[in-house]
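Step one of this worksheet: look at the structure below.
The values are calculated or read from the model by the stated rules, or taken from the named source; none is laboratory data. Remember, it's a predicted structure, so these values are computed and weren't measured experimentally. Don't worry about glycine lacking a Cβ; one is built from the backbone with ideal geometry, like all the others, and counts go over all protein chains shown. The accessibility values were calculated without ligands, DNA or RNA, using every heavy atom of the protein model including side chains. Shrake-Rupley method; radii C 1.70, N 1.55, O 1.52, S 1.80 Å.
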Amino acid sequence: MKRILVTGGAGSIGSFVCEYLIDRGHEVIALDNGSSRKVEHLFETGRFKFVQDSIMNKDVLERQVQRSDIVIHLAAIADPKRYVTEPLNVLNINVKGSIQLLELCAAKGAKVIFASTSEVPGRNTQVPFNEEADRVLGPPSINRWCYSTGKALIEHFLYAYRQQENLPFVIMRFFNVYGPRCDDLGQGRVIPIFMEKLLGGQPLTIHGDGKQTRCFTFIEDACQAVVELALNPAAEGLCFNVGNDRETSILELAQTLIKVGQFESDIVFKPHVEVFGKSYEDIPRRIPDVRRIKSVINWEASTSLEDGLRKTIDFYRDWAKQ
Ligand code: UDP
């Protein structure tokens with residue numbers, strides 16, 4: 001039995017991760033600055049503690065790290081709208097907050113499981129993205145790149161801390177995770193945005209021609225991978241793509257959502273991508289090379305897009321009734 005701190009533990013990914021860890025017999029502390037709504041069902045297990053605070057609060061963070069064998073670090077600003085409207089907050093929380101956490105974990109000897117992103121390879125056009133591929137990030141004058149640059153920097157810190165201070169780590173690069181509990185309507189992610197429009201009877205807006213692709217990864221699959229990567233010693237010291245390698249165009253996504261949910265909405269095309277009135281460079285294709293995660297922990301995403309979207313639509317329909 002391990003004691004595991006999950007930062008961002010009350011978020012969509014965090015809440016599933018906490019649940020699966022408890023199911024596997026571990027004790028979990030969730031540190032999150034949001035509400036405990038998504039994790040309330042875990043209190044009755046007797047193996048769950050919720051601390052409502054920010055990772056920027058060093059005293060609180062230190063107390064919880066001191067109690068933990070493993071820290072799964074999910075807390076971050078991960079909302080594309082905020083990359084362009086409040087880049088300073090994104091950098092402070094995602095970079096300064098993470099460095100502070102790594103320092104505390106190195107002092108304690110707690111293993112860090114870090115949530116990175118499939119945005120780290122950036123504009124690299126060689127798909128599928130191998131974990132060791134070059135990063136091609138845009139310039140610092142374009143704030144859109146602050147998120148991926150921040151995550152890439154923390155990846156560097158992890159390798160450095162491991163080399164010089166023996167900090168054990170695992171890096172996870174998530175590929176477009178979606179599904180139940182991602183009830184962040186109004187944020188910049190395509191599936192919540194489309195769901196909000198479908199439920200409101202509005203047309204779906206596609207940026208560009210809709211031929212750009214993503215690999216949508218069902219949240220429950222992704223969270224099973226997180227737990228296995230955290231607990232399996234073979235994963236230590238490595239970076240992993242956590243993603244489904246089925247490529248889906250945004251047009252196909254829109255059509256599949258409409259079909260699976262039997263919605264009546266139209267699809268409209270908008271010539272260029274704008275987030276809050278600022279131009280936002282789109283990535284044409286983003287596909288994970290899944291060989292490493294398959295060979296090290298024998299994981300692959302098993303939920304089909306149709307099944308995942310069906311569960312997602314059910315979740316949002318219930319959510320909209322509340
Ligand atoms: N997208 C779209 N319409 C929307 C929101 C997003 O066509 O209303 C597109 C967006 O341009 C991108 C894809 O959907 O090509 C995925 O966008 P998201 O922001 O969810 O994730 P990311 O670009 O970081 O993969």
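So which residues in the stretch 146-177 are touching a helix residue (DSSP H, G or I) at 6+ places or on another chain (Cβ under 8 Å) and assigned to a helix (DSSP H, G or I)? Those that are touching a helix residue (DSSP H, G or I) at 6+ places or on another chain (Cβ under 8 Å) and assigned to a helix (DSSP H, G or I): C146, Y147, G150, K151, L153, I154, F157, L158, Y161, E165.
Residue by residue through the stretch 159-187, note down the ones that are away from the ligand (no atom under 16 Å from the Cβ), over 22 Å from R291 (Cα atoms) and open to solvent by less than 10 Å² (accessible area, probe 1.4 Å). Of everything in the stretch 159-187, just one residue is away from the ligand (no atom under 16 Å from the Cβ), over 22 Å from R291 (Cα atoms) and open to solvent by less than 10 Å² (accessible area, probe 1.4 Å), namely L167. For the stretch 258-269, does any single residue satisfy the condition of being touching a helix residue (DSSP H, G or I) at 6+ places or on another chain (Cβ under 9 Å), within 14 Å of the ligand (Cβ to nearest atom), hydroxyl-bearing (S, T, Y) and open to solvent by less than 10 Å² (accessible area, probe 1.4 Å)? No. Per the conditions (1) of a type in the set (K, R); (2) open to solvent by less than 20 Å² (accessible area, probe 1.4 Å); (3) in a helix (DSSP H, G or I), the sole criterion not satisfied by R286 is (3).
Tell me, yes or no, whether the stretch 97-107 has at least one residue that is outside any helix (DSSP H, G or I) and surrounded by fewer than 17 Cβ atoms within 10 Å (Cβ to Cβ). Steps first, answer last, please.
We begin by selecting, within the stretch 97-107, every residue outside any helix (DSSP H, G or I); these are none.
No - not one qualifying residue is present in the stretch 97-107.
Among the residues of the stretch 112-144, those identified as touching a residue at least 40 places away in the same chain (Cβ under 8 Å), more than 17 Å from P288 (Cα to Cα) and either open to solvent by less than 30 Å² (accessible area, probe 1.4 Å) or of a type in the set (G, A, S) (or both) are V112, I113, F114, G138, R144. Apart from one condition, G9 fits all of (1) surrounded by fewer than 22 Cβ atoms within 10 Å (Cβ to Cβ); (2) closer than 23 Å to A152 by Cα; the exception is (1). Comparison of D245, D221 shows that the only residue that is charged (D, E, K, R), out of contact with any His (no Cβ under 7 Å at 6 or more places or on another chain), open to solvent by less than 30 Å² (accessible area, probe 1.4 Å) and under 18 Å from S118 (Cα atoms) is D221. Evaluate the stretch 75-87: report whether one residue or more is within 21 Å of R135 (Cβ to Cβ), touching a helix residue (DSSP H, G or I) at 6+ places or on another chain (Cβ under 6 Å) and not in a helix (DSSP H, G or I). Within the stretch 75-87 (the criterion being within 21 Å of R135 (Cβ to Cβ), touching a helix residue (DSSP H, G or I) at 6+ places or on another chain (Cβ under 6 Å) and not in a helix (DSSP H, G or I)), the answer is yes, since at least one residue qualifies. Of the residues that make up the stretch 1-16, is at least one out of contact with any helix residue (DSSP H, G or I) (no Cβ under 9 Å at 6 or more places or on another chain) and either more than 13 Å from I72 (Cα to Cα) or modelled with pLDDT under 95 (or both)? Within the stretch 1-16 (the criterion being out of contact with any helix residue (DSSP H, G or I) (no Cβ under 9 Å at 6 or more places or on another chain) and either more than 13 Å from I72 (Cα to Cα) or modelled with pLDDT under 95 (or both)), the answer is yes, since at least one residue qualifies. Scanning the stretch 188-202 for residues that are in contact (Cβ under 8 Å) with a residue 60 or more places away in the chain, within 11 Å of the ligand (Cβ to nearest atom) and open to solvent by 60 Å² or more (accessible area, probe 1.4 Å) yields a total of 2.
Yes/no matrix, rows are residues, columns are (1) modelled with pLDDT of 95 or more; (2) farther than 25 Å from P233 by Cβ; (3) of a type outside the set (K, R):
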| residue | (1), (2), (3) |
| --- | --- |
| I72 | yes, no, yes |
| L91 | yes, yes, yes |
| V95 | yes, yes, yes |
| K108 | yes, no, no |
| I113 | yes, no, yes |
| E132 | yes, no, yes |
| V136 | yes, yes, yes |
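Scoring R67 on the criteria (1) over 21 Å from L229 (Cβ atoms); (2) buried (at least 16 other Cβ atoms within 10 Å of the Cβ); (3) touching a strand residue (DSSP E or B) at 6+ places or on another chain (Cβ under 9 Å) leaves a single failure, condition (2).
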